[in-house]
Amino acid sequence: FLNGEVGMLEAKMNLERVGDFNPAAPEVVTQEAIKIGSSSALISGLVTPNGSPTLAWFEWGPELESATEPVCIGEIGKFVPIFMDLTGLAPGTEYKFRVVAKNGVGFSKGKTLTFKTSPSPPPPPSGQ
């Protein structure tokens, strides 16, 4: 009889722990840019929603003045990857970027990283 009561009490405590779960602001990690060319780069990040529906996007540009369209990450998962292929970039230019996420609990910005686009290729030699 006592073991049954202990089991019921443990089950009730577990239910209360689940019921006491409080969503938190999202966690974000900015990752290094890859596939960097003279006019494009692929940027990525990881987002953990922490139990609340979450939107994520990138701030980017020479001074972080641009932003990508937000994408819905959902509310569950850990280290959900997001990617953005930036195109139309100026050759030989340094760009900053970071992942940003927002949910009903809070707002988080990842570490700002940089990349530099390749210089323009030299023009083909003239026919001599």
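The values are calculated or read from the model by the stated rules, or taken from the named source; none is laboratory data. This one's a predicted model, so the numbers in the text were calculated from it and none came from an experiment. Ideal geometry is used to build each Cβ from the backbone, glycine not excepted, and the neighbour counts take in all protein chains shown. Side chains are part of the model used for accessible areas, which takes the heavy atoms of the whole protein and leaves out ligands, DNA and RNA. Shrake-Rupley method; radii C 1.70, N 1.55, O 1.52, S 1.80 Å.
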Dipole in debye (nearest 20) - the range 25-128, about Cα centre, beta carbon charges: Lys, Arg +1; Asp, Glu -1: 180 debye
Loop-only GluC sites (Glu not before Pro) in the range 16-89, please: DSSP not H, G, I, E or B, and at most 12 other Cβ atoms within 10 Å. E63, E65
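How much length is gained if the chain between D85 and V29 is pulled fully straight, taking 0.36 nm per residue apart and subtracting their Cα-Cα distance, in nm to one decimal? Spell out each step's value before the answer.
On the way: separation 56, 0.36 × 56 = 20.16 nm, distance 1.73 nm.
So the extension gain works out to 18.4 nm.
Computing the accessible area with a 1.4 Å probe over protein heavy atoms, can you report the carbon and sulfur percentage for the range 23-92?
Answer for the range 23-92 is 60 percent, counting heavy atoms of protein chains only.
Counting only other residues whose beta carbon sits under 14 Å from that of T114, what net charge do I get with K and R as +1, D and E as -1?
0
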DSSP-assigned coil residues among trypsin sites (Lys or Arg not before Pro) in the range 59-128, each with at most 10 further Cβ atoms within 10 Å: K78
Per residue, in Å², the accessible surface of the range 37-128 once ligands and nucleic acids are set aside, probe 1.4 Å: 56 Å²
Have a look at S118, N103, L64 and report the one farthest towards the positive end of the charge dipole of the range 61-128, computed about the Cα centre with Cβ charges (Lys/Arg +1, Asp/Glu -1). N103
Net length gained if the chain between S118 and S39 were fully extended (0.36 nm per residue, minus Cα distance): 27.7 nm
